[in-house]
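The values are calculated or read from the model by the stated rules, or taken from the named source; none is laboratory data. Computed from a predicted model, the values in this text were never measured in an experiment. Cβ: placed from backbone, ideal geometry, glycine included. Neighbour counts: every protein chain shown. The accessibility values were calculated without ligands, DNA or RNA, using every heavy atom of the protein model including side chains. Shrake-Rupley method; radii C 1.70, N 1.55, O 1.52, S 1.80 Å.
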Amino acid sequence: MNIPALTPKSAWLPVTPRGVAAFALAKTSRLLFVQFVVALLASFAIGWFLHHAWAPSVREAIAKIPDDACIQSGALSWPTNSPVLLSEGHFLGIAVDLDHSGQMTPTSHLQIEFGRSGWQASSLLGVLDPPSWLKTTYPSDVRVALGRSELEPWWGAREPFLILIVMAGVVVWLMTTWTMLATLYMLPVWLMGFFTNRSLGWRGSWRLAGAALMPGALLLSAAIVLYGLRALDVMKLGVAFGIHLLLGWIYLFVGPLFLSRHPDAPATAPNPFASDK
């Protein structure tokens, strides 16, 4: 496949295959800088979503917790009726069901339910199975006061900082993940350049692989914002998540085609079916 090499001289916009290919010719510092900017944009999208969609439900739930509620000896002490729905937002709901009886059918996209000895998360599809590293039981060696008088000022003072911590974690996660994936994808990109006779070395392959992951991140960030604005439902958000993974693979294998041919590569044979004018 012979695509004219019109690669931009400066690598700034990793949106098109040509823009991604430009990073193969740029300095590594340029790639890392643009990756950092894209990671910041993704973190702002997630931070905005947490503040706009989830935090109001948390504040509403805290306002309804009785003052005597606490976690002690690994169990939730709940002095009032159960099950009870503390908040029911469009995106997040919070409930207490000491026996996890299943009477609280979630209408929110995600519902956190606190039971006697642990918590569970559920969605419109049913109870979610958390990863093994995520502990869902309560600590047994400390007493945690959950009353409104204690929890409301605690959360009010820390909510912005908790969101900032999540945002910082997103940046670190993306930068680390992109570095690891670029190293993993470097060989396929180099092979693509080798078999298509492109001027692409190992360092350029690593930079191109790293740049190919950014368009998907930009797409998913936009999808999260649209989801928070209710322009996308949860199913379409899931589709956007799948497309963002596929998009990276497409850019990995299409990007090298927009680089110039290697000077030692044989010239492309003319098309024998092309008419002479």
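For L13, are the conditions met, namely being under 30 Å from S205 (Cα atoms), surrounded by fewer than 19 Cβ atoms within 10 Å (Cβ to Cβ) and in contact (Cβ under 8 Å) with a residue 12 or more places away in the chain? No: the conditions fail for L13.
Under the condition of being open to solvent by 60 Å² or more (accessible area, probe 1.4 Å) and either over 18 Å from W48 (Cα atoms) or in contact (Cβ under 8 Å) with a residue 60 or more places away in the chain (or both), the residues counted in the range 223-233 number 1. If you filter the range 186-205 down to residues that are out of contact with any Gly (no Cβ under 7 Å at 6 or more places or on another chain) and of a type in the set (S, T, Y), you find that the one that is least open to solvent (accessible area, probe 1.4 Å) is T196.
In the set (1) of a type outside the set (K, R); (2) in a helix (DSSP H, G or I); (3) crowded, with 16+ Cβ neighbours inside 10 Å, the condition left unmet by W154 is number (3).
Selection over the range 66-124 of residues that are under 16 Å from A55 (Cα atoms), part of a loop (DSSP other than H, G, I, E, B) and open to solvent by less than 30 Å² (accessible area, probe 1.4 Å) gives a count of 3. Return a yes/no flag: does the range 245-253 have any residue that is loosely packed, with under 14 Cβ neighbours inside 10 Å, under 18 Å from M175 (Cα atoms) and within 15 Å of the chain's Cα centre (by Cα). Yes, the range 245-253 contains at least one residue that is loosely packed, with under 14 Cβ neighbours inside 10 Å, under 18 Å from M175 (Cα atoms) and within 15 Å of the chain's Cα centre (by Cα). Contact map, the range 17-30: first residue over 9 Å from F258 (Cα atoms), second residue β-branched (V, I, T), Cβ cut-off under 7 Å, separation 6 or more or different chains; pairs are L25/T7.
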